[in-house]
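Everything below concerns the one structure shown next.
The values are calculated or read from the model by the stated rules, or taken from the named source; none is laboratory data. Since we're looking at a predicted model, the values are computed, not measured. Cβ coordinates were reconstructed from backbone atoms using ideal geometry, including for glycine residues, and neighbour counts include every protein chain displayed.
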Amino acid sequence: MIEYKPFWGKLLKMFGWKPIYPERVSRKSVICVAPHTSNWDFPLGLCYYLSMGRKPRFLIKKEWFVFPLNLFFKMVGGLAVDRSKKTSTVDQIIEGLATKVDYNIAVTPEGTRSKRKEWKTGFWRIASGAGIVIELARIDYKKKELGIFEIFTPTGDMEADIAYIRSKYRADMAKFPEKYAE
């Protein structure tokens, strides 16, 4: 059951955004958030997540974890990722999920706000490896809507699953469509 926090939803509405709430949420999930082309995606996503009464968790590059920002990002659920190391962030998250009852982690498959040729696959590998669902979430700047719009269970066929998931997103939803990974 979702325990809505009206303040955060009202804040989004005050700025002209329409939150999209799912009928149900999963206790454990990877939240695939796209498109991700702007720094504004973070405060919008955070307000949305808080409006659902959920504890936010998200991956963020370690370069953002410098004082005093590190204190803020830890407080709001940030998990630093060192992209220069070849250690498997995916494996670490899967291991951590095994011991948790309620754990939802937001991942941007584009991995950056800059233009990329393709999506990263970590979000799918985490969900598949942990045996959990992927909640598809979007930030649609064109319609000014954001939220979880579908719950997807990985089939085991990564290419087909990611193709299906990508078909649910479009460049024109992005704040900066030219930066969207087509």
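Observations on the model:
- Residue 142 vs. criteria touching a helix residue (DSSP H, G or I) at 6+ places or on another chain (Cβ under 9 Å) and touching a residue at least 40 places away in the same chain (Cβ under 8 Å): no
- When restricted to residues that are without any contact (Cβ under 8 Å) to a residue 40 or more places away in the chain and within 17 Å of the chain's Cα centre (by Cα), the stretch 171-182 contains 0.
- Considering the stretch 40-60, and only residues there that are out of contact with any helix residue (DSSP H, G or I) (no Cβ under 9 Å at 6 or more places or on another chain) and without any contact (Cβ under 8 Å) to a residue 40 or more places away in the chain, the residue that is surrounded by the fewest Cβ atoms within 10 Å (Cβ to Cβ) turns out to be 43.
- Conditions (1) in a loop (DSSP other than H, G, I, E, B); (2) modelled with pLDDT of 90 or more; (3) surrounded by 13 or more Cβ atoms within 10 Å (Cβ to Cβ): number failed by residue 12: (1)
- Picking from residues in the stretch 159-173 that are within 16 Å of residue 135 (Cα to Cα) and not charged (D, E, K, R), the one that is surrounded by the fewest Cβ atoms within 10 Å (Cβ to Cβ) is 167.
- Identity of the residue in the stretch 107-151, part of a strand (DSSP E or B) and touching a Cys at 6+ places or on another chain (Cβ under 8 Å), that ends up modelled with the lowest pLDDT: 107
- Every test in (1) in contact with a Ser or Thr (Cβ under 8 Å, 6 or more places away or on another chain); (2) within 22 Å of residue 48 (Cα to Cα); (3) among the acidic types (Asp, Glu) is passed by residue 161 save one, and that test is (2).
- Filter result for residue 155 (among the β-branched types (Val, Ile, Thr), assigned to a loop (DSSP other than H, G, I, E, B) and at pLDDT 90 or above): yes
- Taken over the stretch 134-148, the criterion of being farther than 19 Å from residue 91 by Cβ and buried (at least 19 other Cβ atoms within 10 Å of the Cβ) is satisfied by 135, 136, 137, 138, 139, 140, 141, 146, 147, 148.
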